[in-house]
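To keep things clear, I will list the structure first and then write my remarks on it.
Taken together, the values in this text are just the output of simple stated rules run on the coordinates, not laboratory data. None of the values given here were measured: they were computed from a predicted structure. Here the Cβ positions follow ideal geometry from the backbone for every residue, glycine too, while neighbour counts run over all protein chains shown.
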Amino acid sequence: MAILKLSKIRRIYRKGDNEVTALAGLDLEVEKGEFTAVVGPSGSGKTTLLNIIGCLDSPTSGEVVYDGTPLKALGEKALADYRKRHVSFIFQSYNLIPVLTVRENVELPLVIEKRLKPAEIKARALEVIAEVGLSDKADRFPRELSGGQEQRVAIARALVKEPYVVLADEPTANLDSRTAEEIVELMRKVNAERKTTFIFSTHDKLVMQHARRVVTIRDGELVSDERR
Ligand code: ADP
Ligand code: MG
C-alpha cells in the first residue's frame, strides 16, 4: 500500500484580486522506502508540494492520505500531533539550535514529544549520530561544525523519531557540490538501511542522479515520473 497518496491537489494563493495556481490538480503516490527527487523550474510548485505533504500547508482542494488516514479527517490539533509524530524536515539552513550540543539538537524532537524516557532518548540520539558519522562531535556545538556536518546533524535529528517520511526542500542548496553529493549519498544510505521514505526537491544534477525516482513538475502539474 502507498504510504502517501495525493489526489487532485490544487493550491491557489490569493493576494488581493490576484490568484496564483501553485499546484493544478496533482496526483502522486509514494510507496514506503522510496527515495524521490521532485524537480522542476523555479516557481513550478516544489516547495508548495513539500509543504502540503509535510502538513505545513493545506491544499485548496484535493486529498492527502497518509498510510490510510485522510488528513482532512483530523482536526487542527490532531494534524499537528500527526506531523510531530510522523513527518520530519531537513531544512536548507539546517535550523540547528546554537545553544544546544549536537546530541541535544538531535534529542529535541523526542524531548518535545515526551513519549520516551530520557535514557532511551539519549540512546536513540547517539545511535543516529553514529549513523551519520558524527559520534566524535556529539558534545560539540553547531558553530564548531562545517556546513556539511551541520546538515548531517539535521539528518540525524530528522531520523530520531523514525518518521513515515523525511522531507527536504533543496537540502543541499547551501553546500558546495562535493559536500552536496556526500549529503545525498548519506540520505541514500539511510534510506537503504532503514527503509526511511525520503522526498526532496533539488536543482542539482549531481543530487538528482542519486534519486531512485524523479518526479518532474511544471506549472503545478506533474509532467514526468521516472523510476530507476
Ligand atoms: P518552487 O519551490 O518550485 O520554486 P513554489 O511552490 O515556491 O515553487 O511556488 C509556486 C508558485 O506559487 C509560484 O508562482 C510562486 O510565486 C507562488 N507562491 C508560492 N508561495 C506563495 C505565497 N505565499 N503567496 C503567493 N504566491 C505564492
Ligand atoms: Mg522552492
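The table below lists the values:
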item: Global size of region 109-228 as Cα Rg and Dmax, reported in angstrom; result: 15.6, 48
item: Cα-Cα over 26 Å, subset of Lys8/Lys32; Lys84/Lys205; Lys32/Lys117; Lys5/Lys117; result: Lys84/Lys205; Lys32/Lys117; Lys5/Lys117
item: Charge dipole magnitude, Cβ of K and R +1, D and E -1 - region 1-85, Cα centre, debye nearest 20; result: 220
item: Listed residue (Met1, Ala168, Ile199) projecting farthest to the positive dipole end of the chain, Cβ model; result: Met1
item: Other-chain or far-sequence residues with amide H under 5 Å of Thr197's (modelled H); result: Gly33, Val166
item: Highest to lowest packing among 185-191, 98-104, scored as the average C-beta count within 10 Å; result: 185-191, 98-104
item: Reachable lysines, given that their alpha-carbon falls under 17 Å from the alpha-carbon of Lys122 and they are not under 8 places away in the same chain; result: Lys114, Lys137, Lys161
item: Translational D in µm²/s for the chain (Stokes-Einstein at 37 °C, 0.692 mPa s, Kirkwood Rh from C-alpha pairs); result: 181
item: Additional length obtainable on full extension of the chain from Arg213 to Leu79, 0.36 nm per residue less Cα span; result: 45.5 nm
item: Under-5 Å amide H pairs with Ile90, H placed in peptide plane, nonlocal only; result: Leu167, Ala168, Asp169
item: FRET efficiency for Met1 and Ser93, using Cβ-Cβ distance with R0 set to 41 Å, rounded to 0.05; result: 0.75
item: Rounded to whole Hz, the Karplus (6.51, -1.76, 1.60) HN-Hα couplings of region 11-27, x for glycine and proline; result: 9, 10, 8, 10, 10, x, 8, 7, 10, 10, 8, 7, 10, 10, x, 8, 10
item: Euclidean distance of C-alpha centroids, region 210-228 and region 97-172, integer Å; result: 29
item: Within the chain, helix-based [θ] at 222 nm, where runs of 4 or more DSSP H residues each add -39,500 (n - 2.57), nearest 500; result: -11000 deg cm²/dmol
item: Asp176-Glu29 FRET efficiency (beta carbon distance; Förster radius 35 Å; 0.05 resolution); result: 0.50
